[in-house]
Structure formats: C-alpha cells, structure tokens
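What follows is a set of notes on a single structure, which appears directly below.
The values are calculated or read from the model by the stated rules, or taken from the named source; none is laboratory data. Keep in mind it's a predicted model, so treat the numbers as computed, not measured. Neighbour counts run over all protein chains shown; Cβ positions are idealised from the backbone, glycine included. SASA here: full protein model, heavy atoms, side chains in, ligands and nucleic acids out. Shrake-Rupley method; radii C 1.70, N 1.55, O 1.52, S 1.80 Å.
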Amino acid sequence: MIGLISTTAAGRTGCDRLAAAWPDRTRAYDGAPVGDLLRAAFAECDQLVVFLATGAAVRLLAPLLVSKSADPAVVTVDEAHRHAIALLGGHAAGANALAQEVSAVLTTTPVITTATDATSTPALDTLPYPAEGALPAVTRALLDGAPVHLRSDTTWPLPPLPLTTAEPAGHEAYRVWVTDRVVEGGERTVLVRPPGLVVGVGGSRGVAVAEVVTLVRAALAAGGVAEGSVWRMATVDAKAQEAGIVAAAEHLGVPLVTFGAAALAEVSVPNPSAAPLRAVGTPSVAEAAALLAAGPGGELVVQKQKSAMATAAVARRRPRGRLAVVGLGPGARDLVTPRAAAELRRASVVVGLDQYVAQIRDLLPPGSRVLESGLGAEEERARTAVAEARAGHAVALIGSGDAGVYAMASPALAEAADDIDVVGVPGVTAALAAAALLGAPLGHDHVSISLSDLHTPWEVIERRVRAAAEADLVVTFYNPRSRGRHWQLPKALALLAEHRGPGTPVGVVRAASRPDEEVTVTTLAGVDPSTVDMVSVVTVGNTASRVVAGRMVTPRGYRWQGGGA
Ligand code: SAH
C-alpha cells in the first residue's frame, strides 16, 4: 500500500491525483498533525509519498528508521510539484521506481541519487538473481572503479557486469561469485544465486509446514547448496493441495510444481521404495519430482532425506541461456517499447543487422558484446544467437518493426531446442506504423504480403495476392520494390485492380517514423511505383475504403457510416 501524506492545499491536490490514478494502491493520511500522520503511515504502508519539504521529512522520519530492509520507501514531493525525490529505500523498497511513477502522474522530475543509478553501474541488488554477502563493499568498489573479479561455477544468463575474469592478485580482491553452493565468501565477496536447484518433496497427509521446511533446509545443507538458488519445489499431483507442502513452498518463496504419478514412476532414481508406490502410485516422489522438474541434463545433488512424515531430495538443473527476440519498432526512439529497452539492458550479447545495432547502440549497457553482420547473413545470425544462448548467455536478437514479421524470430526459433528460454518482445511493425500515418486503413480485415521472391516463388505470391483481391482484404505490401525488383509491385496492383475500382485509396509510406519519412495517399490508378522503395510499405484499401479529409479510412463494416453511399 502507498501512503499519501499531505498538510497543505497543494499537497492535497497532488494526493488526490495519485489517489485517482491508483485507487487500489493508495491510502490518504490527512487531518492530524503531520508527525502523527507520518508515524501511522510509516507503520502501515510499504511505500510513502510525502508532500513536504525534504528537510522537514528528514527530521520527522529520522527517529522512525529501523533498517534498509524493513523501512518503507519514501518519496517526497515539493509544494510546487517540481520534483519527486527518492529519499529512502531507493532499490530495496522501490523508492526510485516510485519516484518515476509519481512523476508520470504529476509531471514532476524524478530525483534519484543512489550511486549505481546515477552512474549507470549495475546495482548488484537489482540483478535478475538474488545476491547475498558483501553488497555495500563490492558496490562501493565497482563505483570506485576498483577491479572486481567475476567467478562463475557455471554460465548463467546475467546482464553484462563491469567485472574482470582475470585471476585477482592476492586475497584482498573484491569478488562477485555466481554459485549455488554454500561457500566462504568473506567480507569482499558478493554471492549471486542462480536459480539452479529444484527441491523434490513428499509428505504424509497432515504433515506440518515446519517439518517440511526443516527437512528441506537439512537436505540443502547436506548437499552444501544454498537456499537462495532454489528455483522450484516439486511433488506429485496427489500432494498438490497438501497444506504443509503448499505452505513450505510459500515459505521458501518458490513456486510449487506437481507431476502425475505415472510420469514420476518413469524416472530412474537411486532410492525407490514401496511406501509411496502404495500411497500414490510411484516408487519415488522426492527424487523423481526433483529430477523431472530439473529437466534434461538435471542431476541429483542430494538423495532422498527423510523425517517422520516427509521426504526431500535436491536436483541441480543445467543452466539455461536466455534468448530475447526483440522488435525495435519502425525507427523512432519513442516507438521502442520500454520492454524492448529493458531486454537490451538485460542481454550480455546482442545479435543483429549492423544498421539496427546502430539505431540502439546507446541503449546498450557498457560491456555488452555486439555481434553485428551485414544484410543477407540471416541464417548465420540466427545460428549465432541460438549458439550464444545455448552457451548460457543472455542474448538479444534484434530486428526492426516486429522481430517476428518477415524477420529473425522464425529462423532463430526453427534452430532453437528446448534447452534455452525464449522471450519475445513485440514491436510496432511497419504496417501499423504506416497505418497510423495514413489514417485508419486497417479498420476491417487485412493482410500483409511480402513481394520479395527471394525466399518465396512468385507463383505463390501471386496466388496470395489474387486470393486477397477476391476476398476484398485490405493489403499491405512489405518489400514492395528494390533495385533488382521492379515489375512485381505493378503486377500485384493490377491483380487487385481486377476486383476493386481505380479510385480505391492507396497509401505509400516511406521510412515511417524516421527523419526522412514520406506519406502519400493516392489511388490504385494513381500510384507511381517509382516512388516506392525497399523502406516503404504500400497499403491498398478494400472496396469500402475512402479518403476522408486526406486520410485513408476503411469502415468497420460494409455499410458506410454516416449515410451517403
Ligand atoms: N520486421 C519488419 C519487416 C521486415 S521486412 C517489421 O515488422 O516492420 C522489411 C520491409 O519492411 C521493408 O522492405 C519495408 O517494406 C518494411 N519496412 C520496415 N520498416 C519500415 C518503415 N520504417 N517504414 C516503411 N516500411 C518499412
């Protein structure tokens, strides 16, 4: 819950706007001395927005502070609504993010002073995996530019870190150690816990949560592996509702996955036994569920451990690389989605066509490895991206528009096996970028057709154009014309003209959203193919499309709105 605290009229206006924007997330504190309001909100909320001068807020909050991990986030906003200052709990409690969110609503400027954000050094406590140990000391070393050594037991898909892999000189060195093992890190080591472990559990009916948790911890300790690296808890379907097991997974903060007895019975395990076979129909629950959830290449690191009413075993997964297939939109920076930008920061390897890399190079964090290639090398780019992900890295394969539309997603995913994680980030494809410029040409059923006969025989393309013509679909032509390809576009337009009139609206959009953007609304009879090139799309309306006030409009139905024809 976000507590909103105000004492003046201006403050109240701000509170009202935040409350209106986030009705379910906020609670307003008003009508008492401000010290009392702050004390109450501090105790009851996990985030506070305080409309008060920073100095006053600091004086009032100081006696309430307990620790970075326990205190709520505090953002202060000044009387004139110029700044939203992340005062307390920047990372841990989310004050930095809250200052940004508040600013989106109140148009304040967020003020963020945590050093790692101010210098764009990756904060070790915002990595995709939990980090433990000497976070302040190692973060300070990173900020000071001191060498920090990276040690990894195995390769997990981390974002680029400004770390050295050279052996450190002496035991004084700072370290980031990626490991699922319990190790002695000392005062200069941060331990990053990759999600590499699966705990399999079984339990008799009525087993207590404390017994399950205690046994799981004992099993982890027996294998010398860390709780922070547990990725999933796994059991048999029949125990999916067993309260002690469900609560234990919650307690450990991991999802519970379950498998059918038949599937578990197929898994070969070191310690099968008769009891679970009688009870739930598989000779192993804990070991088999751990192995099955760990997936191909997984191995047991702790065999079955038993307590009075529970069993537990631990398996280690093979690290999985991560392939993000990222659409960058048609060109304009503000049409790169925030999610696409986040994936570019998340990746340690970026694969793409050189011209697309150039478009987003400034969004890449220092240290990312860029593998760019020229036009044509599509298959090779796809193979490279998949191979890097298979090696365990976090890879972003980038493409313009949507990376799945006449682009890299298909060759890459045709190549990828299920040993990597794949994340798709949709982008604004050229047809949509063009449509927004033309008006509303896609208001009814529409189709995209590529006129490139590089990968597709012309007969197939022609058959599709004819079908679109007969079906009266709005058509957007991608790859409409290039230096070596002239006759295809006029031919395709002629095929459409067999089924729609010469006055049918046609939009030609070149370089949508880029500095050299050109938009032309014309007709089927009037299109000049020589104005069309490889960075253009051509959108042809259906028989109901019209030009209204210079804009192309395809009605949502075939009866033209507003009477008339
Ligand atoms: N994945 C891309 C399409 C790749 S095919 C997307 O989703 O947009 C390449 C074709 O897309 C080009 O020949 C052109 O027809 C079209 N195209 C790409 N970007 C464009 C832009 N900014 N403006 C107009 N057409 C564009």
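Restricting attention to the stretch 168-209, the residues that are outside any loop (DSSP other than H, G, I, E, B) and small (Gly, Ala, Ser) total 3.
Residue count for the stretch 394-410, restricted to those that are open to solvent by 30 Å² or more (accessible area, probe 1.4 Å) and within 8 Å of the ligand (Cβ to nearest atom): 5.
Looking across 317, 278, 322, 339, one residue alone is of a type outside the set (A, V, I, L, M, F, W, C) and closer than 15 Å to residue 223 by Cβ. It is 317. Restricting the first member to the stretch 288-307 and to residues that are farther than 28 Å from residue 417 by Cβ, and the second to residues that are of a type in the set (Asp, Glu), the beta-carbon pairs closer than 7 Å and six or more apart or on different chains are 303/287; 304/287; 307/211. Annotation note: of 489, 524, the sole residue that is within 13 Å of the ligand (Cβ to nearest atom), in contact with a helix residue (DSSP H, G or I) (Cβ under 7 Å, 6 or more places away or on another chain) and either touching a residue at least 40 places away in the same chain (Cβ under 8 Å) or not aromatic (Phe, Trp, Tyr) (or both) is 489.
I'd like the full set of residues that are open to solvent by less than 60 Å² (accessible area, probe 1.4 Å) and in a strand (DSSP E or B), limited to the stretch 213-231.
Hits for the stretch 213-231 are 225, 230.
Count of the stretch 21-45 residues, restricted to those that are within 20 Å of residue 101 (Cβ to Cβ) and among the β-branched types (Val, Ile, Thr), is 1.
Do the conditions hold for residue 468, that is, is it within 16 Å of the ligand (Cβ to nearest atom), out of contact with any helix residue (DSSP H, G or I) (no Cβ under 6 Å at 6 or more places or on another chain) and closer than 20 Å to residue 553 by Cβ? So residue 468 fails the test. Would you check if residue 111 is within 16 Å of residue 4 (Cα to Cα), touching a strand residue (DSSP E or B) at 6+ places or on another chain (Cβ under 6 Å) and either assigned by TED's automatic domain parsing to the domain that holds residue 23 or not acidic (Asp, Glu) (or both)? So residue 111 does not fit the description; no. Scanning the stretch 88-107 for residues that are open to solvent by less than 50 Å² (accessible area, probe 1.4 Å) and not small (Gly, Ala, Ser) yields a total of 6. Taken across the stretch 153-163, residues that are under 19 Å from residue 231 (Cβ atoms) and more than 24 Å from the chain's Cα centre (by Cα) do occur, with at least one present. Could you check the stretch 492-519 and list, in sequence order, the residues that are away from the ligand (no atom under 12 Å from the Cβ) and of a type in the set (Asp, Glu)? Result: 498, single match. Within the stretch 278-337, the set of residues being crowded, with 18+ Cβ neighbours inside 10 Å and within 16 Å of the ligand (Cβ to nearest atom) comprises 324, 325, 326, 327, 328, 329, 330, 331, 335, 336. In the set 497, 511, only one residue is at positive phi, surrounded by 15 or more Cβ atoms within 10 Å (Cβ to Cβ) and at pLDDT 95 or above; that residue is 511.
When the stretch 449-481 is filtered for residues that are farther than 16 Å from residue 495 by Cβ and surrounded by 15 or more Cβ atoms within 10 Å (Cβ to Cβ), the ones remaining, listed by number, are 452, 478, 479.
Out of the residues in the stretch 380-392 that are crowded, with 24+ Cβ neighbours inside 10 Å and away from the ligand (no atom under 16 Å from the Cβ), state the one that is nearest to the chain's Cα centre (by Cα). So that I can check it myself, show each step before the final result.
The initial filter retains those residues of the stretch 380-392 that are crowded, with 24+ Cβ neighbours inside 10 Å, namely 385-386, 388-389.
Now narrow it down to the ones that are away from the ligand (no atom under 16 Å from the Cβ): 386, 388-389.
Working: 386: 18, 388: 19, 389: 16 Å.
Among those that are crowded, with 24+ Cβ neighbours inside 10 Å and away from the ligand (no atom under 16 Å from the Cβ), it is 389.
Consider the stretch 411-435 and keep the residues that are away from the ligand (no atom under 13 Å from the Cβ) and either β-branched (Val, Ile, Thr) or not assigned by TED's automatic domain parsing to the domain that holds residue 373 (or both). The one that is surrounded by the most Cβ atoms within 10 Å (Cβ to Cβ) is 420.
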